[in-house]
Amino acid sequence: MTTHDDSTIAEDMLPADWDPRWERRREDLSNFSLDLPIGQGTFGKVYKATISNRRREGRVTEDVAVKMTTTKKTAAEFALLNEFYIMRKAGFHRNIIKVLGCCVKGGPFLLIFEYAPFGNLRDFLRKEHERSKNDHEQPTGLRSITQRDLGRFAMDLAGGMNFLVSKQIIHRDLAARNILVGLNRTMKIADFGLARNITNLQNYEQKSEDPVPFRWLALEVLLTNQYTHQSDMHVTSSNTP
């Protein structure tokens, strides 16, 4: 595995409550190529990799997704570290992408999470739309999306967002490009780069000039610069997710 090596989170700069059990060995990652990204998030690109896990039956491998920063600035790695903490705080839910661990020691920060074989929802729906116009090109065994499927997708997303509300987390960048399609076409909310923990707060007010996806923001956010659970679930009139 090849990564840039002159931007590393120093171990003595990690938060006091850092749990070393989340640390994964870099040498356990394989089939990792920086030339073949499968996606891009707020603070970095995402790559497919294989990880080796030790279990009772011996070592087994599984496909995973790995996110790393596209810049050598340490601040970007700390932003990715914050994303890890948000995902860890959220915990497990079938409609939230599952964080599996991270790599801190010996190189740039890497965030490891479950691999979604069907990519993001935006591209998935676009491909399905094109395939529906060319039924003869539809691969054997891959059924078309029905209205019932779309209803289930919406229920998945509502369930995932309701779970985030219960954890006092706002996503701030909910869009089809940040929804991953897992096995059995299960929708999984991903890309927590802009997410914030608002425990004991009514909202989150952004005071920095960091870039935000202003084209998809709720009107009240544009007017007040304050984010809430309600602004996460606004409906946009744009045709582009």
Item to complete: Restricting attention to segment 86-97, report how many residues are surrounded by 17 or more Cβ atoms within 10 Å (Cβ to Cβ) and at pLDDT below 95.
Response: 3
Item to complete: Looking only at segment 20-45, count how many residues are modelled with pLDDT of 80 or more and either aromatic (Phe, Trp, Tyr) or touching a Pro at 6+ places or on another chain (Cβ under 6 Å) (or both).
Response: 3
Worksheet, complete the sentence: Checked against (1) farther than 18 Å from Asn178 by Cβ; (2) modelled with pLDDT of 85 or more; (3) assigned to a loop (DSSP other than H, G, I, E, B), Asp63 satisfies every condition except (3)
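Residue-by-condition table, conditions (1) assigned to a loop (DSSP other than H, G, I, E, B); (2) in contact (Cβ under 8 Å) with a residue 40 or more places away in the chain:
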position: Phe78; (1), (2): no, yes
position: Asn82; (1), (2): no, no
position: Arg88; (1), (2): no, yes
position: Arg94; (1), (2): yes, yes
position: Cys102; (1), (2): no, yes
position: Lys105; (1), (2): yes, yes
position: Pro108; (1), (2): yes, yes
position: Leu111; (1), (2): no, yes
position: Phe118; (1), (2): yes, yes
Response to the item:
Going through segment 154-181 in order, the residues found to be more than 17 Å from the chain's Cα centre (by Cα) and farther than 14 Å from His229 by Cβ are Ala154, Met155
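The values are calculated or read from the model by the stated rules, or taken from the named source; none is laboratory data. What you see is a predicted model, and the numbers here were worked out from it, not measured in a lab. Note: ideal-geometry Cβ built from the backbone for every residue, glycine included; neighbour counts use all protein chains shown.
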